[in-house]
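Q: Take a look at this one; I'll ask things after.
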Amino acid sequence: AHLAIGVITPLTILLTALLFALGTGLIVYLLGRYEEERLKGLGPKLSLETVLLETGPAVVLGSLITSIGFFVLLPSPLKGYRDFGLVGGVGMLFLMCSVMVLFPALLRLLQRHKTFQVAGKSKNNLLPFQRTRLHKKTLFWMSIPLIAIFVISFLFGLPLTYEKELRE
C-alpha cells in the first residue's frame, strides 16, 4: 500500500487481512480439486494438469471479477475509498498471478520429495483435507522464508506514514 499510494490508511490496513483470506480461498479451492483428482486415481502430474486446465480458468475469472469489484471504487470522490480500490484491485491481481504460478510449482516440489501425500480412499467419510498429509518438517522449512521476509521488512522497511482521515 505504501508503494502504491504513499500512505497507510485504516482501509489499506484492513486489506491485508482481506487479501490474505481471498488468497487462502484460492489455494484451498485448487488444493481441494487436486485432492479430488488424486483420489480418482490420477497421478500427481496429470492431477495438477487437470486442476489447472479445468479449475484454473474459474479461479482466474473469479479473481478478475473480484479485482473489478475493487476497481469500481476508483472514481469515488473520497481519497480513502479510491486508495482502497486501487490497492485491493492490484493486490487481487497480484494474488491471482502468484497463486497460479507458485501453487503448481510448490505442489510439484512437495510431491516429488514425497512430503505431501493424499491418502487412499477411506471407509468413513472424511472432510476435505483430512486425507491430505503434510509432514511437520516440510511445514518448518516452508515457514523459514516467510519469517525471513517479515524480519527483513521489519528491520529494513520503508518509512511509513499513517493517514487517519479518509476524506483528504
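Q: Would you confirm whether or not segment 5-17 contains a residue that is open to solvent by less than 70 Å² (accessible area, probe 1.4 Å), of a type outside the set (Lys, Arg), more than 17 Å from ARG108 (Cα to Cα) and free of Cβ contacts under 8 Å to residues at least 12 places away in the same chain?
A: The answer is yes; a qualifying residue exists.
Q: Take residues that are under 15 Å from the mean Cα position of the chain (by Cα), at pLDDT 85 or above and not acidic (Asp, Glu) and tell me which of the helices (runs of 4 or more DSSP H) falling wholly in segment 1-97 contain 1 or more.
A: 10-39, 56-71
Q: Filter segment 51-109 down to the residues that are open to solvent by 50 Å² or more (accessible area, probe 1.4 Å), of a type in the set (A, V, I, L, M, F, W, C) and in contact (Cβ under 8 Å) with a residue 40 or more places away in the chain and list them by number.
A: LEU52, LEU78, LEU86, VAL90 - these are the residues of segment 51-109 that are open to solvent by 50 Å² or more (accessible area, probe 1.4 Å), of a type in the set (A, V, I, L, M, F, W, C) and in contact (Cβ under 8 Å) with a residue 40 or more places away in the chain.
Q: Among the residues of segment 67-97, write down those that are closer than 30 Å to SER47 by Cα and in contact with a Leu (Cβ under 9 Å, 6 or more places away or on another chain).
A: Of everything in segment 67-97, those that are closer than 30 Å to SER47 by Cα and in contact with a Leu (Cβ under 9 Å, 6 or more places away or on another chain) turn out to be SER67, GLY91, MET92, LEU93, PHE94, LEU95, MET96.
The values are calculated or read from the model by the stated rules, or taken from the named source; none is laboratory data. Just so it is clear, the model here is predicted, and its values are computed rather than measured. Counting neighbours? That spans all protein chains shown, and the Cβs are built from the backbone with ideal geometry, glycine included. Heavy atoms of the whole protein, side chains included, go into the accessibility calculation; ligands, DNA and RNA do not. Shrake-Rupley method; radii C 1.70, N 1.55, O 1.52, S 1.80 Å.
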